[in-house]
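Presented below is the structure to which this report refers.
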Amino acid sequence: MKLFRATLLAAAVLCATSAHADDKPLKVGLMLPATGTYATLGTAIENGFKLYVDENGGQLGGRKVEYVKVDDESDPAKATDNVNKLIKGDKVDVLVGTVHSGVAAAMAKTAKDTGTLLVVPNAGADAITGPLCAPNIFRTSFTNWQPGYAMGEVMAEKGYKKVVTITWKYAAGDESVNGFKEAFEKSGGEVVKQLNLPFPNVEFQALLTEIAATKPDAVYTFFAGAGAVKFVKDYKAAGLMDSIPLYGAGFLTDGTLKAQGGAGEGLMTTLHYADELDVPKDKAFREAYSKAYSTPPDVYAVQGYDAAQVLKIGLDAVKGDVSKTADIAAAVEAAEIDSPRGKFTLSKAHNPVQDIYLREAKGEKNPMVSVASKALADPAKGCRM
Ligand code: BEZ
């Protein structure tokens, strides 16, 4: 009987060890757009993530990394099914995604409910590090509020008084404009009109006619990916570029200047990344990324690279045991992340506290003009952890 008990005990210990054994591959669920308006953003994030993993011998937290991929199509209606498929069907250990705020909010809700580790490598939905914040959810990008707020201060300082905003009607556009408006109106400016169109619509003509008729001092905008390419080209073709200065969150010109074919020349934007930064980590990253993928990196590639860095920091602290959420969170919260954008930390709500750069588009690059906002932290309204 004693021998039987001892054997049972030994078997139980073996099972418990192998349940989160270090030598089991780490299944990473990459939920990113591979088609549609944000497809190129998804590719850059995946490339950046894989570059970091490859630089670390294909491992994170001592476990060999395996990928399971889902094209989320930037479609919020399919998001919950897609994320459940990864968690329940593929049994991933970690979720990485995504680009679109509406899709990412659904991912965050499911991650919060199930306790699955989630790293958000782009989507800026304020709620993810606000009411939806959780010990197992981390973001390596920004809140939509951050670049918008920084640009509100810049444009007020430039002396603009009346501004029209134009964006897609969903969380990213709304929150970017809210951030801009908060800072701009605090300094005495006025947003005289807020123009919107549904995501991912690119029929801008009627709204450009309205901008021309309103004659504001300037325009603030949030567009990204293929929409940003078309918007900048249309703005220029409408003859507005010289008469009504255009400004935006940096997604307007990051990774899009080549496709804009010169239409974006001179545009000033705010973002947590810029070209030609005097950051040693950036130089090494740009070289390695360009060599691996035969194309220069953009902000999305940086955010993907940093998502893998954050995972390594957390998983190294627990020897790859993803169930140790509190220890992972403690390690990440204490870390300084050596990012190509410059070093940053994560706030208590797990969003980057980071410099926001003012950039000016030159050729196919967005070099820094100045630091618009030093160590800008999102207010993380509604986050209780
Ligand atoms: C968003 O949906 O949060 C987003 C998409 C593209 C670029 C930036 C933000």
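The values are calculated or read from the model by the stated rules, or taken from the named source; none is laboratory data. In this text, all values refer to a predicted model and were calculated from it rather than measured experimentally. Every residue, glycine as well, gets a Cβ built from its backbone with ideal geometry; the counts of neighbours run over all protein chains shown.
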Which of (1) within 15 Å of the ligand (Cβ to nearest atom); (2) in a helix (DSSP H, G or I) does residue 143 not meet, given it meets every other one?
-> (2)
Working only within the stretch 158-190, note down all residues that are within 27 Å of the chain's Cα centre (by Cα), acidic (Asp, Glu) and more than 16 Å from the ligand (Cβ to nearest atom).
-> 182, 185
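Is it true that residue 255 is closer than 21 Å to residue 143 by Cα and either assigned to a loop (DSSP other than H, G, I, E, B) or of a type in the set (A, V, I, L, M, F, W, C) (or both)?
On the way: closer than 21 Å to residue 143 by Cα: yes; either assigned to a loop (DSSP other than H, G, I, E, B) or of a type in the set (A, V, I, L, M, F, W, C) (or both): yes.
Yes; evaluated as a whole, the condition is true for this residue.
How about the stretch 35-54: which of its residues are of a type in the set (Asp, Glu) and buried (at least 16 other Cβ atoms within 10 Å of the Cβ)? Lay out the reasoning, then the answer.
We begin by selecting, within the stretch 35-54, every residue of a type in the set (Asp, Glu); these are 46, 54.
If the condition is that a residue be of a type in the set (Asp, Glu) and buried (at least 16 other Cβ atoms within 10 Å of the Cβ), then 46 is the only one that fits.
Please tell me if residue 314 is touching a Leu at 6+ places or on another chain (Cβ under 9 Å) and in a loop (DSSP other than H, G, I, E, B).
On the way: touching a Leu at 6+ places or on another chain (Cβ under 9 Å): yes; in a loop (DSSP other than H, G, I, E, B): no.
Spelling it out, it is not the case that residue 314 is touching a Leu at 6+ places or on another chain (Cβ under 9 Å) and in a loop (DSSP other than H, G, I, E, B).
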Among 197, 207, the single one that is farther than 30 Å from residue 380 by Cβ and away from the ligand (no atom under 12 Å from the Cβ) is 207
Select from the stretch 62-116 the residues that are farther than 25 Å from residue 385 by Cα, among the small types (Gly, Ala, Ser) and not in a helix (DSSP H, G or I) and list them in ascending order.
-> 62, 74
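Conditions tested, residue by residue: (1) among the aromatic types (Phe, Trp, Tyr); (2) outside the structural domain of residue 107 (by TED's automatic domain parsing); (3) at pLDDT below 95; (4) within 15 Å of the ligand (Cβ to nearest atom).
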| residue | (1), (2), (3), (4) |
| --- | --- |
| 24 | no, no, yes, no |
| 30 | no, no, no, no |
| 36 | no, no, no, yes |
| 39 | no, no, no, yes |
| 60 | no, no, no, no |
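Got at least one residue in the stretch 117-128 being away from the ligand (no atom under 12 Å from the Cβ), among the small types (Gly, Ala, Ser), assigned to a helix (DSSP H, G or I) and under 19 Å from residue 74 (Cα atoms)? Explain how you work it out, then say what you get.
So in the stretch 117-128, the residues away from the ligand (no atom under 12 Å from the Cβ) come out as 117-119.
Subsequent filtering for residues that are among the small types (Gly, Ala, Ser) retains none.
Scanning the stretch 117-128, I find no residue that is away from the ligand (no atom under 12 Å from the Cβ), among the small types (Gly, Ala, Ser), assigned to a helix (DSSP H, G or I) and under 19 Å from residue 74 (Cα atoms), so the answer is no.
Return the residues of the stretch 336-357 that are hydrophobic (A, V, I, L, M, F, W, C) and either surrounded by fewer than 19 Cβ atoms within 10 Å (Cβ to Cβ) or in a strand (DSSP E or B) (or both); say none if nothing qualifies.
Across the stretch 336-357, the qualifying residues are 337, 344, 346, 353, 356.
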Scanning the stretch 110-150 residue by residue, the ones that are touching a Ser or Thr at 6+ places or on another chain (Cβ under 9 Å), of a type in the set (A, V, I, L, M, F, W, C) and under 20 Å from residue 80 (Cβ atoms) total 10
Residue selected from the stretch 261-286 under the condition more than 10 Å from residue 340 (Cβ to Cβ) and of a type in the set (Ser, Thr, Tyr), by the criterion surrounded by the fewest Cβ atoms within 10 Å (Cβ to Cβ) = 269
Could you please find all residues in the stretch 265-322 being of a type in the set (Ser, Thr, Tyr) and farther than 26 Å from residue 63 by Cβ?
-> 269, 270, 273, 290, 294, 295
Residue among 339, 323 that is assigned by TED's automatic domain parsing to the domain that holds residue 281 and more than 14 Å from the chain's Cα centre (by Cα) | 323
Among the basic types (Lys, Arg), part of a strand (DSSP E or B) and either surrounded by fewer than 24 Cβ atoms within 10 Å (Cβ to Cβ) or in contact (Cβ under 8 Å) with a residue 12 or more places away in the chain (or both) - does that describe any residue in the stretch 152-165?
-> yes
